[in-house]
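Worksheet: one structure, shown below.
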Amino acid sequence: MVQKRKLIEVALPLEAINRESAREKSIRYGHPSTLHLWWARRPLAAARAVLFAQLVDDPSSRLAEFPTDELQRAERERLHEMIERLVVWENVRDEALLAEARAEILKSTDGNPPPILDPFAGGGAIPLEALRLGLEARASDLNPVAVLLNKAVVELPSKFAGQAPVWPGLKDSRIGGWAGGEGLAADVREYGEWVHEQARKRLGKQYPDADGLPVIGWIWARTVQCPNPACAAEVPLVSSLDLSTKRGQEVWLRPVVASGRVEFVVESGVRRGEANKRGQGAKFDCWVCGSAISPEQVHSQLDVSDKPPNRLLAVVAAGNRRRVYSEPTVPHLAAARGLVDEARRLRASDPNLGAGARGTFGGNAQGKRYGFFTFADYFTDRQLVALATFNDLVGSARAKVISDGGSDDYADAVATYLAFIQSKMTNLSSSVTTWMSDRGAFRETFARQAIPMAWDFVEANVLSDFGGGWLTLLDKEARVIEANPIGHGVATQADAASLDFDGSLVSTDPPYYDNIVYSDLADFFYVWLRRSLRGVYPELLSTMLVPKAEELVANQYRLGSKAEAKSFFEDGFRKVFASARRSARDDLPTTVYYAFKQSESDATGSASTGWETLLEGMIRSGWEITSTWPLRTEGAGRLIAKGTNALASSIVLSLRPRASDSATTDRRGFIAALEAQLPVALRRLQQGQIAPVDLPQAAIGPGMAVFSRYSAVLEPDGKRMTVRSALARINEILDQVLNEQEGDFDAPSRFAIAWYRQHGYDVGAFGDANNLANARNTTVDVMDRDGILSSRAGKVQLIKPSDLSWDYDPVTDLHTSNWEALHHLIKVLERDGIAPAGDFLQVALSRPDGAVDADLVKELAHLLFRVAEANGWTKDALSFNSLVTSWPEILEVARSARKPTQAQGAFDFDEDN
Ligand SMILES: C[S@@+](CC[C@H](N)C(=O)[O-])C[C@H]1O[C@@H](n2cnc3c(N)ncnc32)[C@H](O)[C@@H]1O
């Protein structure tokens, strides 16, 4: 079969993908991630762009249509521009744009695109985006919670697409009918409100107002008894006395000790006094006698089933656009304690909630249980009864859907979403949910990928319509269903190692090493989902807890030792990719995401054993790596500031099955191939929209493509070249190629590059500068006159952008250079923004002598970025990086027909001639 190179194997508009991926993190409404928590979700923008580029041909493989480099480049730019629109969240429902994208995919796949399989589907980002792009989505995961999530995005809305709601009287309430998931979403809203109403009837008494204001939550502290026998006071474990640290709205608790007991008074204004918490972990002092209480003493008192009672510290209510904090009153105390018997009954009898829990894990609570023996123990009595009430009502709502005329399948779908809301609610309704005094909001149980210990916590008012309330969560859920793409998808439970990959194209984001132990985390939700949905999904939810044994994670606590954990993970990983390789299609590349662990980068940032192990594993399982793209969900600025060779948070690789009869080569052959192929690939990368900060990681792709094409590269001693050594060679050649690009520039620019390398924008000796200049056929004096540098009293210094004259006209300047053009552009961009920078470039490009070349200016910025970064000149690096990332827009202004504000000089110049 003829292999056509796909866009992902040549160039991607990475900057736009990264920018939109970062932006996506702050979208709160309608984003599928709000359906239910899942840890370390991939940004949808990245998943969408990757799938598109994985299927769409690079123009260089359509020679009949695009025979020249120029035509290929123009077509590539058109496709990149389409990706740039596709990744914008606000465009995800732009049907015209999606139709354009789908047509492009069909054109590149002979009208018959393959189904997309994600064997590690997790929260469903990749399958969901496959569906959006009109592809069949096959989602698979070992974890039942993930499978349910994927059903909710790729199966259910499509199964009932276009159906009217069954809630009585709703069907005909809308002119124009019910499109996509709108009917289903409307029913989820109605039955969800019905659930809320029933819950309010049963639980309303236990959720009183605060002096007529609706309560948002109650703030509690766990307590221990002071170990000093002469004191034995009740010690509330308060980690912070702050209730609100918002400027101008400070509220705090003042401890008052009297008669051997501490009480807390709510005060406003700037806080005085300290909590009884000392430093990290569980170190406290008694409020009354001041005795120190050790972490062991705290643990031993709390790690029992009958713990000392919690102390209610304060009530948070909703005032007029601000939070109102008050001291607890008797009705509040009574309401909280009113469900003790029912809670006891649940704890004693409910098999799901009674399942054995791991306790706390992560951070301050490493290895400690603090009395969390079962899943019910994570909740206060009132929380437990309320959550169970909503959970029971999911079943009642399901029965009501059927009695209102809905089919069993439809009732199952509505119940699934309602069960998600209840499950999601636990994240904001456990005794490890804390109060963020700076924001006046809840910090969820899973603020991190762990269950840490919380000494003081907040109990949400689940009947309110504030954070943590059923109605707020319901609204978010319904918005997701309404907007969900419709298509053909299926979600199944399977161990990726035993999955049938045949006929489908893989795009996947595997678990990485011991980063996240999904199954332990997901148990927290699973026990609730199993309680409400076991009847709906009897097989999927058959196990007491989430299956653990086959989970691909290097977990030493599960496997006994670090070494066992490592080999379990690496063997398992290889097994999956070897099995995928056996049935892989060779007409299309597979894509795999790889998430770096923070600790993976060493002092220089570039080496990472995990990354090398992954590449090694892929290559040995018969894969050829054809590209590696750094994905960022943080701004480029933060990455540059982190230092030399900082790593992007993850990488997406494209892979092809390597031919079984591929040749071996030696070190010399490998380097010759690199030298022949890397420069072209690199130039294409630079021409695309890629930030200089991302270039080194992106350049690994074409380098690895050369390396992994051979079945082995043999060192002079006959041993296989390691990936580590290949990466070092690729890096050397990258530097070499960038240095060779210096030859493309005009003489003053070549001088300035060399001088910048040695001195940055600092001073150096005139003699050295003159030697360097003469060797490049220019002189310091000429460059001084031209305004590139200043030469005074035997010292020479390049002029930095911010010191350049504003009185500069790029057309009337008799001798300009790409260096000058770049520096003036940075000056204008940093002070005035994109449009004036574009105007400047338009004028500079209009010079009749063609002294300024757009591609070269951009190439120079890439080159100088690398120099600045290697020397730790962060500010310079940021300037060069920003210029490249703004380049498409600057160029667009420069190429537009609009008359530049500064263009007068150009016309004068023409007239003079
Ligand atoms: C990095 S996550 C995928 C995240 C996903 N791309 C998203 O955006 O939410 C990896 C997934 O692999 C799953 N997993 C772990 N071991 C597995 C196995 N042996 N077979 C199938 N899935 C497994 C985990 O349950 C987890 O959902």
**Message:** Let me test this: with uniform point scatterers at the alpha carbons of the chain, what is the Debye-based log₁₀ I(q)/I(0) at q = 0.04, 0.07, 0.08, 0.09 1/Å?
**Reply:** -0.23, -0.69, -0.88, -1.05
**Environment charge of residue 352, counting only residues whose C-beta is closer than 15 Å and scoring Lys/Arg +1, Asp/Glu -1** = +1
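With N set to the residue count of the stretch 727-866, report its C-alpha Rg divided by 2.2 N^0.38 Å to two decimal places. Walk me through the intermediate numbers first.
Numbers: Rg = 15.2 Å, N = 140, 2.2 N^0.38 = 14.4 Å.
The value comes to 1.05.
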**Request:** Starting at the first residue of the stretch 54-62, write each ³J(HN,Hα) from the Karplus equation 6.51 cos²θ - 1.76 cosθ + 1.60 with θ = phi - 60°, in whole Hz, x for Gly and Pro.
**Result:** 6, 9, 8, 5, 6, x, 5, 9, 10
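Can you put 625, 671 in order of Cβ neighbours within 10 angstrom, beginning with the fewest? Please list the in-between numbers first.
Details: 625 27, 671 17.
Least crowded to most crowded, the residues run 671, 625.
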**Request:** Filter the trypsin sites (Lys or Arg not before Pro) in the stretch 10-63 to those in DSSP coil with at most 14 other Cβ atoms within 10 Å of their Cβ, and list the result.
**Result:** 25, 28
**Message:** Can you compute the modelled spin-label distance between residue 27 and residue 739, with each label point 7 Å from Cα toward Cβ, in nm?
**Reply:** 4.5 nm
**Complete:** The relative contact order of the chain, taking Cα pairs under 8 Å that sit 6 or more residues apart, comes to a percentage of 12 percent
**Request:** Would you list which lysines come within 27 Å of residue 107, measuring only between C-alpha atoms, while excluding same-chain residues fewer than 8 positions from it?
**Result:** 4, 6
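Residue separation times 0.36 nm, minus the C-alpha to C-alpha distance between residue 230 and residue 40: what's the value? Working shown, then result.
Values: separation 190, 0.36 × 190 = 68.40 nm, distance 5.00 nm.
Contour length minus the Cα-Cα distance gives 63.4 nm.
Suppose R0 equals 45 Å. What FRET efficiency, 1/(1 + (r/R0)^6) with r the Cβ-Cβ distance, do residue 663 and residue 550 give to the nearest 0.05?
Numbers: r = 37 Å, r/R0 = 0.83.
Once the sixth-power term is evaluated, E becomes 0.75.
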**Fill in**
With x for Gly and Pro, the residue-by-residue ³J(HN,Hα) of the stretch 46-51, computed from phi through the Karplus equation 6.51 cos²θ - 1.76 cosθ + 1.60 at θ = phi - 60° and given in whole Hz, is 5, 4, 5, 5, 5, 4
**Prompt:** For the stretch 476-572, what is Rg from Cα atoms divided by 2.2 N^0.38 Å, rounded to two decimals?
**Reply:** 1.32
**Message:** Expected output is a single nm value to one decimal: the length gained when fully extending between residue 855 and residue 345, i.e. 0.36 nm times separation in residues minus the C-alpha distance. What is it?
**Reply:** 176.2 nm
**Request:** Could you list 665, 329 in order of exposure, starting from the residue whose Cβ has the fewest other Cβ atoms within 10 Å?
**Result:** 329, 665
**Message:** What translational diffusion coefficient, to the nearest whole µm²/s, does the stretch 687-774 have by Stokes-Einstein, given a Kirkwood radius computed over alpha-carbon pairs, a temperature of 37 °C and 0.692 mPa s viscosity?
**Reply:** 205 µm²/s
**Asked** Measuring from label point to label point, each 7 Å out along Cα→Cβ, what is the residue 675 to residue 567 span in nm?
**Response** 4.3 nm
**Prompt:** trypsin sites (Lys or Arg not before Pro), restricted to the stretch 798-864: which are DSSP loop and have at most 16 other Cβ atoms within 10 Å?
**Reply:** none
**Item:** Ordering of 305-313, 152-160, 752-760 by packing [mean C-beta count within 10 Å, highest first]
**Value:** 152-160, 752-760, 305-313
**Prompt:** Under 5 Å between amide H atoms, partner at least 5 residues away or on a different chain: which partners does residue 488 have, H built in plane at 1.01 Å?
**Reply:** 137
**Asked** What is the Cα centroid distance between the stretch 1-54 and the stretch 290-307, reported in whole angstrom?
**Response** 47 Å
**Footprinting exposure proxy for 235, 195 (fewest neighbouring C-beta atoms within 10 Å first)** = 195, 235
**Computed over the stretch 439-532, the ratio Rg/Rh where both radii use C-alpha atoms and Rh is Kirkwood** = 1.03
**Message:** Can you give the FRET efficiency to the nearest 0.05 for residue 106 and residue 68, using r as the Cβ-Cβ distance and R₀ = 22 Å?
**Reply:** 0.30
**Message:** Give me the extension gain from residue 806 to residue 396: residue separation times 0.36 nm, minus the current Cα-Cα distance, reported in nm with one decimal.
**Reply:** 140.3 nm
**Prompt:** P(r) of the stretch 185-311 in 5 Å steps, Cα pairs, percent per bin?
**Reply:** 2, 9, 14, 16, 14, 12, 10, 9, 7, 4, 2, 1, 0
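Please report, in debye to the nearest 20, how large the charge dipole of the chain is about its Cα centre when each Lys and Arg carries +1 at its beta carbon and each Asp and Glu carries -1 there.
3120 debye
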**Distant-in-sequence amide H partners of residue 508 (H built 1.01 Å from N, under 5 Å)** = 591, 592, 593
**Given charges at Cβ of Lys, Arg, Asp, Glu: the chain dipole, positive-most of 390, 264, 79** = 264
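From the C-alpha gyration tensor of the stretch 799-872, pull out the three semi-axes of the equivalent ellipsoid (sqrt of 5λ each), sorted largest to smallest, in whole Å. Don't skip to the answer; put the middle values down first.
Working: eigenvalues 80, 43, 26 Å².
Sorted largest first and rounded, they come to 20, 15, 11 Å.
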**Request:** Using only the Cα atoms of the stretch 6-46, each taken as one equal point scatterer with no solvent, compute I(q) by the Debye sum, divide by I(0), and report log10 of the ratio at q = 0.22, 0.34 Å⁻¹.
**Result:** -0.76, -1.22
**Prompt:** Between residue 217 and residues 5 or more places away or on another chain, which pairs have amide H atoms under 5 Å apart, with H built 1.01 Å from N, and which residues are they?
**Reply:** 316, 461
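Convex hull over the Cα atoms of the stretch 630-787, averaged projected area in nm²? Can you show the working numbers first?
On the way: hull surface 50.5 nm².
Computed as one quarter of the Cα hull surface, the answer is 12.6 nm².
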**Message:** To test your reading of the geometry: what angle, between 0 and 90 degrees and rounded to tens, separates the Cα axis of helix 723-740 from the longest principal axis of the chain?
**Reply:** 40 degrees
**Asked** How big is the gap, in Å, between the Cα center of the stretch 94-141 and the Cα center of the stretch 660-683?
**Response** 33 Å
**Asked** Once label points are set 7 Å from the Cα along Cα→Cβ at both residue 274 and residue 792, what is their separation, rounded to one decimal in nm?
**Response** 5.3 nm
**Fill in**
Partner lysines whose C-alpha sits under 23 Å from that of residue 476, ignoring same-chain residues fewer than 8 away, are 25, 151, 159, 171, 400, 424
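Values in this text are rule-based calculations from the coordinates and carry no lab data. On a predicted model such as this, the values are computed, not experimentally measured, just so you know. Cβ coordinates were reconstructed from backbone atoms using ideal geometry, including for glycine residues, and neighbour counts include every protein chain displayed.
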